[in-house]
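Visitor: Structure provided below as structure tokens; questions to follow.
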Amino acid sequence: MFLGGREIVLGVGGGISAYKSCELLRRMQNLGLLVTVIPTRASLNFVGTATWEALSGREVPTDLWNQVHQVPHVSIAKKADAIVIAPATADLIAKVAAGLADDLLTNLLLATTSPVVFVPAMHTEMWLNPATQANVATLRTRGYAIVEPGTGKLTSGDVGVGRYPEVEEILQRLRDALSLNSDLSGRKVLISAGGTREAIDPVRYIGNHSSGKQGYALALAAVKRGADVTLVAANSALPDIEGVNTIHVSSAAEMLAALDASFDEADLLVMAAAIADARPAVTSAKKIGKAQLHSIELLPNPDITQLLTLRKKKQVIIGFAAQTEESFTDALEIARRKLEEKGLDLIYCNDVSEGAIFGAEQTTGTILDRTGSQIHLSNVEKMTLANNLLDLALDKLG
């Protein structure tokens, strides 16, 4: 299973084996996982904030009361694909089992809906204590994964059960946990992104302001959910996503050829690209002088979405409608007509007046369904919209 790009929270409890989580972090990064470390205050006695920041390359939040306006325990919880608590001390396990939340990490665990993997590590008597065993049993009944501690030499010099497990065992349990979210496994997803350019001459072109961010967010969201993803990207400066088959194109004709070649095998097509409606009737092989550049004769480009929907068999097809009407009600009516006329299953309508949305990290708009239902999203991350669209598409795929 491809793991690259998934967001992991590594929670570090206050045990001497906290230093072993440095190796766990490194191994996670080698798999392409993006890791945010959240240590408990007690754990900082063993491994400090500076070490975690240096190793993760990210800010390490340690206090529930910092940046309160960002509601960090909720925002981090929503972003995480999985949470690993290593080491999980007896005290931390007891708090979670009791539903207590007195720091950032325990608040995060109450706020998350993602898979959680606990890695207990403590002295033998503490692990075998009836209170600890009862708390671990409680965590299991709530669906948390527990990696059994290893047996061997402990910090005290004793030998017994309670040792920090082998890193590979932890990683395997993490893979198992992430596979629970792979609801698009076995599905082929085809996505267009960016903005096409229609050459006037070797220097000039007809184009638009699309950055490709929404299409790339869709590709990343889909591959993280286990899909086989092909992204046809037009003139985007964004880096390729590991695990995604990215085809780079420039013009609408190239976009059509690339999408056409992959469409029959696709289960889902998402047309997030901004495709030029017209192209120059003649493209000059040499730069046109300013004095000769009076007018340009245009020809309409083919409607790629409509061409592909005419061949639709099993596919679910999602379109985008970028509108600039003064009334958003009018924009929704135009989007609704496009939904019907182009044979789409879903369409996302957004207001792009004065360049809004293009290149931004957030989006505002409405998802329209052929059934007549609609979902309005206001100032949400483009990844949030991506997962909303994939959820709705998955429901239609069955």
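Please treat every number below as a calculation from the coordinates, not as lab data. Only a predicted model underlies this, so the values are computations on that prediction, with no experimental measurement involved. With ideal geometry, Cβ positions are generated from the backbone for all residues, glycine too; neighbour counts draw on all protein chains shown.
Visitor: What pairs can you find where one residue is in the range 4-18 and over 21 Å from residue 95 (Cα atoms), the other is hydrophobic (A, V, I, L, M, F, W, C) and assigned to a strand (DSSP E or B), and their Cβ atoms are less than 7 Å apart, with a gap of 6+ or different chains?
Guide: Close Cβ pairs satisfying both conditions: 5/34; 6/34; 7/34; 8/34; 8/35; 8/82; 8/84.
Visitor: Confirm whether residue 170 is over 17 Å from the mean Cα position of the chain (by Cα) and surrounded by fewer than 20 Cβ atoms within 10 Å (Cβ to Cβ).
Guide: no
Visitor: Residue check, residue 210 against (1) surrounded by fewer than 24 Cβ atoms within 10 Å (Cβ to Cβ); (2) touching a Phe, Trp or Tyr at 6+ places or on another chain (Cβ under 7 Å), all met but one. Which one?
Guide: (1) is the only condition that residue 210 fails.
Visitor: Something else now. For the range 79-88, give me each residue that is assigned to a loop (DSSP other than H, G, I, E, B) and either hydrophobic (A, V, I, L, M, F, W, C) or buried (at least 24 other Cβ atoms within 10 Å of the Cβ) (or both).
Guide: The answer is 80, and nothing else.
Visitor: May I pose another question? Hey, can you tell me all the residues within the range 311-354 that are among the acidic types (Asp, Glu) and under 18 Å from residue 274 (Cβ atoms)?
Guide: Matches in the range 311-354: 325, 351, 354.
Visitor: Against the definition (under 19 Å from residue 219 (Cα atoms), among the acidic types (Asp, Glu) and in a helix (DSSP H, G or I)), how does residue 395 come out, yes or no?
Guide: When the stated conditions are applied, residue 395 passes them.
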